[in-house]
Amino acid sequence: MTLLDGKKTSADIKEEIAIEVAELKKQGNRAPHLAAIIVGNNGASLTYVNAKVKACERVGFESTLIRLPEDISENDLLNEIEGLNTNDAIDGFIVQLPLPKHIDEQKIIMAVHPDKDVDGFHPTNVGKMALNLPTFISATPFGILELLDRYQIETSGKHVVVIGRSHIVGSPMSILLSQKRTVGNATVTITHSRTKNLKEITLQADIVVAALGIPEFLTADMVKDGVTVIDVGITRVEDATKKRGFRLLGDVKFDEVAAKSEFITPVPGGVGPMTIAMLLKNTLLAFTRRLG
Ligand code: NAD
């Protein structure tokens, strides 16, 4: 079994980005600038967004965190977004999801200018991704492609089973891996909550991408020997023995599945850190595109 070390791989990517940023600055350019909007006080969201801002600092980017109250109106949020769309000093920005119930998430995603949409959630960018045109690929599936690439895991002709069909992970992952691209050319089965006989399907998989958000869902009896497992899930589970009161669990029952796997991602330290590194990569892309 080989561990797909997202922590180390993301550190390598960040190092590469830092070198590129230093070079850009040497040439007289300003630093790339990422902004992040967060609405309310959701603990997990705050952790993610703070990690993103910190990562910016480490590679030499500028970053701006905009914290807005839970009860902000949809209109006021749309105005904030318009402000970032038209702010020349900002290369890209994200709106941390989920948003409070009174705000229409789709409307917010649509309001972000596609050229600054470094999360790759705007329909224009999702459409380009689906057509295999250059664009911002959303960070989680982009990070998984990069991890597979850097560990030279063959995907061509392999059977990939994706569990979960969300717009941010399962769906784009299934599209990307089936495309004609370096990490791609796979035969992909996408499964979801209405799938029947899931175990019969996962048992045929060379690669499983688990992105359903149910802790320790994928068990050893559901995979064949020599499988590659990508665990996207992150769930906070109460744990009084931990200082912060919880621990993080993936969607895979790690120990028993790892024993049958050729490659597997840990949680934490797998897909999570890759997601942040790819957000930085997208921000750098937004910056260099604006340079022309
Ligand atoms: P989601 O809730 O939007 O989607 C879950 C999907 O799983 C749905 O499509 C649903 O049909 C499917 N599903 C639910 N129960 C199922 C079952 N029993 N069998 C098969 N499919 C089932 O979730 P999401 O936003 O895609 O996130 C999934 C998990 O990944 C969560 O734990 C989330 O925290 C995590 N996540 C991690 C990262 C990261 O950077 N590592 C990024 C995004 C999401």
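The values are calculated or read from the model by the stated rules, or taken from the named source; none is laboratory data. If you're wondering where the values come from, they're calculated on a predicted model, not measured in any experiment. Note: ideal-geometry Cβ built from the backbone for every residue, glycine included; neighbour counts use all protein chains shown. SASA here: full protein model, heavy atoms, side chains in, ligands and nucleic acids out. Shrake-Rupley method; radii C 1.70, N 1.55, O 1.52, S 1.80 Å.
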Original post:
Which whole-number percent gives the relative contact order of the chain, counting Cα pairs below 8 Å spaced six or more residues apart?
Top reply: 21
**OP:** Give me the aspartates and glutamates in straight-line cross-link reach of Lys158: C-alpha distance below 19 Å, same-chain residues under 8 apart excluded.
**Re:** Glu146, Asp149, Glu200, Asp206, Asp225, Asp231, Glu262
Original post:
When DSSP beta bridges are limited to those with both residues in the chain, what percentage is antiparallel, rounded to the nearest 5?
Top reply: 10
Subject >> Choice from Gly120, Gly143, Gly40 with maximal GNM fluctuation in the chain (Cα, 10 Å cutoff) >> reply: Gly40
**OP:** For the chain, build the charge dipole from Cβ charges (+1 Lys, Arg; -1 Asp, Glu) around the Cα centre, then report which of Thr155, Ile234, Phe246 sits farthest towards its positive end.
**Re:** Thr155
**OP:** With 29 Å as the limit, write out which pairs from Lys116/Lys196; Lys253/Lys281; Lys52/Lys128 have Cα-Cα distances beyond it, or answer none.
**Re:** Lys116/Lys196; Lys253/Lys281
Subject >> Beta bridges per DSSP with both ends in region 193-292, % antiparallel, nearest 5 >> reply: 35
Subject >> Residue-normalised accessible area of region 195-283, expressed per residue, 1.4 Å probe, Å² >> reply: 45
**OP:** Name the helices (complete DSSP H segments) of the chain with a Cα length along the long axis of 15 Å or more and a Kyte-Doolittle mean of at least -0.5, or state none.
**Re:** 43-59, 139-150, 271-291
**OP:** Please return the longest stretch of the chain lacking exposed loop sites, where GluC sites (Glu not before Pro) count only if DSSP places them in a loop and at most 13 other Cβ atoms lie within 10 Å.
**Re:** 155-292
Original post:
With every protein chain present, what is the per residue accessible area of region 21-162 (1.4 Å probe, Å²)?
Top reply: 46
Original post:
Once phi is turned into θ = phi - 60°, what whole-Hz ³J(HN,Hα) does the Karplus curve with 6.51, -1.76 and 1.60 give for every residue of region 188-197, x standing for Gly and Pro?
Top reply: 10, 10, 9, 10, 7, 5, 9, 5, 9, 6
Original post:
For Arg247 and Gln27, what does the FRET efficiency come to when R0 = 51 Å and r is the distance between their Cβ atoms, rounded to the nearest 0.05?
Top reply: 0.70
Original post:
From the Cα gyration tensor of region 209-292, with a ≥ b ≥ c the square roots of its eigenvalues, which class applies: rounded if a/c is under 1.5, or else prolate if a/b is larger than b/c, or else oblate?
Top reply: oblate
Subject >> Full-extension gain in nm, Ile19 to Ala89, via 0.36 nm per residue minus C-alpha separation >> reply: 23.1 nm
Original post:
Among rounded, prolate and oblate, which fits region 113-258 when a ≥ b ≥ c are the square roots of the eigenvalues of its C-alpha gyration tensor, a/c under 1.5 means rounded, and a/b larger than b/c means prolate?
Top reply: oblate
Original post:
Between Val188 and residues 5 or more places away or on another chain, which pairs have amide H atoms under 5 Å apart, with H built 1.01 Å from N, and which residues are they?
Top reply: Val160
Original post:
For region 1-28, list residues with backbone N below 20 Å from a point placed 7 Å from the Cα of Asp255 toward its Cβ?
Top reply: 1-4
Subject >> Gain on full stretching of the segment that runs from Ala11 to Asp221 - 0.36 nm per residue minus C-alpha separation >> reply: 72.2 nm
Subject >> Accessible carbon and sulfur surface of the chain relative to its total accessible area, %, 1.4 Å >> reply: 51
**OP:** With only Lys, Arg, Asp and Glu charged, each at its Cβ (+1 for the first two, -1 for the last two), find how big the charge dipole of region 54-163 is about the Cα centre; round to the nearest 20 debye.
**Re:** 500
Original post:
For Thr187 and Arg290, what does the FRET efficiency come to when R0 = 41 Å and r is the distance between their Cβ atoms, rounded to the nearest 0.05?
Top reply: 0.60
